1. Among D84, D14, D117, which one shows the highest mean-square fluctuation when the chain is modelled as a Gaussian network with alpha-carbon springs under 10 Å?
2. Could you check what % of the DSSP bridge pairs in segment 3-129 are antiparallel, to the nearest 5?
3. Could you calculate the FRET efficiency of I102 with M1 from 1/(1 + (r/R0)^6), where r is the beta carbon distance between them and R0 is 35 Å, rounded to 0.05?
4. Exactly which trypsin sites (Lys or Arg not before Pro) in segment 72-121 are in a DSSP loop and have at most 16 other Cβ atoms within 10 Å?
5. If only Cα atoms are counted, what is the Rg of segment 1-73, and what is its Dmax, in Å?
6. Convex hull over the alpha-carbon atoms of the chain: what's its volume per residue in Å³?
7. Across all directions of projection, what mean area in square nanometres is found for the Cα convex hull of segment 60-106?
8. Can you pull out the GluC sites (Glu not before Pro) in segment 44-131 whose DSSP state is coil and whose Cβ has at most 16 other Cβ atoms within 10 Å?
Amino acid sequence: MTRLIEEALFASTDPVMLAGSVCARCSAHVFPEQTSCPMCTGVDVSRVALPTTGVVWSWTTQHFAPKAPYRTDEFAPFSIGYVDLGPVIVEGWLLGRTSWTIGEPVRLALTKAWTDDDGQIVYTYGFEAAS
Ligand SMILES: [Zn+2]
């Protein structure tokens, strides 16, 4: 069983898919899932699996370790981006390198967040280059 940073963020882990919500009234998609719509305040929302591919909408690279509660086994510079999945823009790690291009295709992936005290790896989501 995969230990996740927060189970509610995921619709599935194999294949990895994020869970958001969609509003029946205005079709707005939200991530993470919410019980009401932030666009129209409607409460007729349902859980939905989000697309797993998108494009980099914006990004930055952090060259210093953030303070707690940020947690990692060892620090290395890392990229954070906003990824446009189509119906919604999601923030997450950009994996594998520290330089990106706006509009570049990426796909969702599971990645190690840290190792728990009992030796189990805790996973979170990120996006890797798709080309
Ligand atoms: Zn709505």
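Rule-based calculations on the coordinates, nothing more; no lab input. Note that the coordinates shown come from a computational prediction; the quantities given were computed from them, not determined experimentally. All Cβ positions, even for glycine, are placed from backbone atoms using ideal geometry, and neighbour counts span all protein chains on display.
1. Looking only at D84, D14, D117, the largest GNM fluctuation is found for D117.
2. Rounded to the nearest five, the antiparallel share is 90 percent.
3. Using R0 = 35 Å, I get an efficiency of 0.40.
4. Those that pass, being in a loop and sparsely packed, are R97.
5. Reported Rg and Dmax, both Å: 15.4, 44.
6. Looking at the chain, the number lands at 123 Å³ per residue.
7. Value for segment 60-106: 3.9 nm².
8. E74
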